[in-house]
There are 2 protein chains.
Amino acid sequence: MKNIKLTVAYDGTNYHGFQEQRGTGLATIQEVLESTLSKIAKAPIQVIGAGRTDAGVHAWGQVINFRSHCWPVPTSKIHLAMNALLPDDIKVMKAEEVPLDFHARFSATAKTYRYSIYNHRVMSPLHRLYCYHEPRLLDVRAMQEGAAYLVGTHDFKSFQAQGTPVKDTVRTIYRADILSEPPLIHLYLRGNGFLYNMVRIITGTLLDIGMGKIPPSEMSHIIAARDRTRAGTTVPPQGLCLMEVEY
Amino acid sequence: MKNIKLTVAYDGTNYHGFQEQRGTGLATIQEVLESTLSKIAKAPIQVIGAGRTDAGVHAWGQVINFRSHCWPVPTSKIHLAMNALLPDDIKVMKAEEVPLDFHARFSATAKTYRYSIYNHRVMSPLHRLYCYHEPRLLDVRAMQEGAAYLVGTHDFKSFQAQGTPVKDTVRTIYRADILSEPPLIHLYLRGNGFLYNMVRIITGTLLDIGMGKIPPSEMSHIIAARDRTRAGTTVPPQGLCLMEVEY
């Protein structure tokens, strides 16, 4: 029995998210990976993904693993075998054999997400698939000040999509940096886990700060409120990218 | 009578190039711009483009102009009126009124093109639409040395697609820089004009240098030969972007 860990990058534009959703008729990243692996193994293979990215969300460093009794390809050649069969918008960047108890989701100790904003009066056609467009000039300094309140262990219930069944909404954010590369603004969030839509709701809240609708210090009150209606809107998926999963 | 200059950015992925090609049934950038302008003017408008980019080639700073007797929109609002009607992959970045004798193609004094190479064993799904993939490690220093021979006034016949009717193949290259941002390598060429496929054939030749197939000094012999068969292959369109047109 082998347990193989794959680091996968994908353009989520044309997929209905990572996770298989039986019956929707829409392609998912997981389906494409499983059908490609099953072709190579000549046996059904199921994968476990570290992060269940939503429809339209991208990944640079998604991690998956799969276990197989009959896996026929040496680990050093897996990326070649997979990439020859995968479509252009999903690629295996790295393959490693890992101990049998490695689980892409449960073994993860930290994840890093990036949300990218194109801050210019006209949206660039060359960035439209990978950024959210905000035409009003944003105050990056204020956004950085607001983001600093996120670092630490907090109950992030205010930043969880309503109706989500998850009860324990305490997470630790290790890093909340805003990098300005005009006209691009990138938010990097590294944490031990993320609630459903958490990065997109945090970004929506930071946009309110960047536009001067609320002061940076309001972030601490929004966190304390544990109330989704206090935070900003859920920004669209195409600006979001799962950058790295750590173990 | 007004003469309006527009700076236009587009993602060429889904178009059959800039120039209208009657009868092909494929959309061109020019067709989309003309139909949008004609809708606004409520009269047929024809545009002149500075560079006739090929199918799949992108633009960051393409320039067009059009003349109209009945143009109804103030120049400061043209980008808003146009961008509301244009698809996401074509946008007007800037609009200016110019003297009646301004001609986007004939008045141009210099153009800058960029060709982008993704130099990594696996192609990134997030860069695939805007870069050419070269998996073998390239010697950037050697490519820079080879590119230096291009600067100046030369007969670039070796770098013109065969069968092109253009007779005067002398052009001046002002700048031929190779910028390394691993795993990306960008070639910037600024010149007073470019022959058909010239940037893509120059890039193919520089790739031969980067892979050690030919020494950098061979570039001067290839220029001197005035023979297309001496230069490298024509690399694919998606790495090419028309960055700027100067007047």
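The values are calculated or read from the model by the stated rules, or taken from the named source; none is laboratory data. Here the structure is a predicted model, which is why all the values come from computation and not from measurement. For neighbour counting, all protein chains shown are included, and Cβ atoms are generated from backbone atoms with ideal geometry for every residue, glycine included. Note: accessible area is taken over every heavy atom of the protein model, side chains too, but ligands, DNA and RNA are not part of it. Shrake-Rupley method; radii C 1.70, N 1.55, O 1.52, S 1.80 Å.
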Kindly list, by first and then second residue, each pair from a residue in region B:146-165 that is assigned by TED's automatic domain parsing to the domain that holds B:Leu179 to a residue that is part of a helix (DSSP H, G or I) and open to solvent by 60 Å² or more (accessible area, probe 1.4 Å), limited to pairs with Cβ atoms under 9 Å and residues at least 6 apart or on different chains. B:His154/B:Ala224; B:Asp155/B:Ala224; B:Ser158/B:Ala224; B:Ser158/B:Thr229; B:Ser158/B:Arg230; B:Gln162/B:Thr229
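Any residue at all in region B:137-156 that's closer than 30 Å to A:Leu242 by Cα and more than 20 Å from the chain's Cα centre (by Cα)? Working first, answer last.
Residues of region B:137-156 closer than 30 Å to A:Leu242 by Cα: B:137-138.
Restricting the remaining residues to those that are more than 20 Å from the chain's Cα centre (by Cα) gives B:137-138.
Scanning region B:137-156 turns up at least one residue that is closer than 30 Å to A:Leu242 by Cα and more than 20 Å from the chain's Cα centre (by Cα).
Go through region A:46-80 and count every residue that is assigned to a loop (DSSP other than H, G, I, E, B) and either buried (at least 20 other Cβ atoms within 10 Å of the Cβ) or not aliphatic (A, V, I, L, M) (or both).
Within region A:46-80, the subset assigned to a loop (DSSP other than H, G, I, E, B) is A:46-47, A:50-57, A:69-74.
From the residues that got through so far, the ones that are either buried (at least 20 other Cβ atoms within 10 Å of the Cβ) or not aliphatic (A, V, I, L, M) (or both) too are A:46-47, A:50-54, A:56-57, A:69-72, A:74.
So the answer is 14.
I'd like to know if region A:112-120 contains one or more residues that are within 10 Å of another protein chain (Cβ to nearest Cβ) and either at pLDDT below 95 or within 27 Å of A:Ile201 (Cβ to Cβ) (or both).
Yes: one or more hits.
So that you can scan it fast, the table gives a plain yes or no per residue for (1) touching a Pro at 6+ places or on another chain (Cβ under 9 Å); (2) away from chain B (no Cβ under 14 Å); (3) aliphatic (A, V, I, L, M):
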residue: A:Ser35; (1), (2), (3): no, yes, no
residue: A:Ile40; (1), (2), (3): yes, yes, yes
residue: A:Ala43; (1), (2), (3): no, yes, yes
residue: A:Gly49; (1), (2), (3): no, yes, no
residue: A:Ala55; (1), (2), (3): yes, yes, yes
residue: A:Asn65; (1), (2), (3): no, yes, no
residue: A:Ser68; (1), (2), (3): no, yes, no
residue: A:Pro72; (1), (2), (3): no, yes, no
residue: A:Pro87; (1), (2), (3): yes, no, no
Those residues of region B:1-32 which are farther than 28 Å from B:Glu97 by Cβ and modelled with pLDDT under 90, in sequence order: B:Gln21, B:Arg22, B:Gly23, B:Thr24, B:Gly25, B:Leu26
Just to be sure I understand the filter: pairs with C-beta atoms under 9 Å, separated by 6 or more residues or on different chains, first member in region A:209-230 and free of Cβ contacts under 8 Å to residues at least 60 places away in the same chain and at negative phi, second member open to solvent by less than 40 Å² (accessible area, probe 1.4 Å) and polar (S, T, N, Q). Which pairs pass? A:Ile214/A:Thr205; A:Ala224/A:Ser158; A:Thr229/A:Ser158
